[in-house]
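Visitor: Take a look at this one; I'll ask things after.
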Amino acid sequence: ILPIGKEITAIGLCRLKNRSVEISSCPELPYFLSDLTKGEMEAEMSSRARFFFWVTVALGTVSVGLLGHAIYSRLWERVKRHREAREAQERFHEADNEDDAGENGSDDEPGEMGDGQLCVICLRKRRRAAFVPCGHLVCCCNCAKRVELMDEPLCPVCRQDIQYMLRVYDS
């Protein structure tokens, strides 16, 4: 109950209705009747606006930081995978070059191996290259190089994209 003689401030829309003043709430402001003065209300609203501004700045900074970290992590993983694939390719080519230089022909004679060990492309040499990520061991090193140089390198068996090839040594 409002005591008699208490000074209050009314915020809202003022209009005359049947020779009496009617005040209704304004949708933009949170106050309707208050015991604060106009200056005190302005100071309180200014304080709230400043608080919410800095909260917004802090949350925005955290959001940008998290987004930047996520992007950096993904790019770093991609660079790392690319570097590993390139190193595997270099090892593959070095091993193939060593194999070609020291090859005496007896290891790759088709008569000495079964059909399950022959390259599915040339049908002349032993299978030595495994494709990653599918893992199929179906080609000799020379044919694997040719597959690698295609516009879209695909595994000859499963048609899956090839990231790189690995040289496989038999014992």
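Visitor: Per 0.36 nm of contour for each residue apart, how much would the distance between VAL62 and SER47 grow if the chain were fully extended, relative to their Cα-Cα spacing? Before the final figure, lay out each step's value.
Guide: Details: separation 15, 0.36 × 15 = 5.40 nm, distance 2.28 nm.
The VAL62-SER47 span can extend by a further 3.1 nm.
Visitor: Test of understanding: given the chain, find the longest segment containing no trypsin sites (Lys or Arg not before Pro) that are in a DSSP loop and have at most 11 other Cβ atoms within 10 Å. Don't skip to the end; give the middle numbers.
Guide: Working: sites that count: LYS6, ARG19, ARG159.
Looking at the chain, 20-158 is the longest stretch - no exposed trypsin sites (Lys or Arg not before Pro) with at most 11 other Cβ atoms within 10 Å.
Visitor: For the chain, what does the helix formula give at 222 nm: sum of -39500 (n - 2.57) over DSSP H segments with n ≥ 4, over the residue count, nearest 500 deg cm²/dmol? Can you show the working numbers first?
Guide: Details: 2 runs with 72 residues, N = 171.
Calculated mean residue ellipticity at 222 nm is -15500 deg cm²/dmol.
Visitor: Still on this model: For the chain, the longest stretch holding no chymotrypsin sites (Phe, Trp or Tyr not before Pro) located in a DSSP loop with at most 15 other Cβ atoms within 10 Å is which?
Guide: Numbers: sites that count: TYR31, PHE32, TYR169.
Result, exposed sites excluded: 33-168.
Visitor: Where in the chain lies the longest segment free of GluC sites (Glu not before Pro) that are both loop residues by DSSP (not H, G, I, E, B) and have at most 10 other Cβ atoms within 10 Å?
Guide: Details: sites that count: GLU7, GLU28.
Here the longest run is 29-171.
Visitor: At R0 = 45 Å, how high is the FRET efficiency between GLU28 and ARG83 if r is their beta carbon distance? Nearest 0.05 is fine.
Guide: Between GLU28 and ARG83 the formula returns 0.20.
Visitor: Follow-up. Would you indicate which of (1) 1, 7, 10, 11, 9, 6, 4, 4, 4, 3, 3, 3, 3, 4, 4, 5, 5, 5, 4, 3, 2, 1, 1, 0; (2) 1, 5, 7, 8, 9, 8, 9, 11, 10, 9, 7, 7, 5, 2, 1, 0; (3) 1, 8, 13, 13, 13, 12, 11, 10, 8, 5, 2, 2, 1, 0 is the value of P(r) over Cα pairs in 5 Å bins from 0, in percent derived from the coordinates of this structure?
Guide: Checked against the structure: label (1).
Throughout, read-outs are computed from the coordinates displayed, never taken from laboratory work. All of these numbers come straight from a predicted model, not from anything done at the bench. A quick note on method: Cβ atoms are made from the backbone with ideal geometry, for glycine too, and the neighbour counts reach across all protein chains shown.
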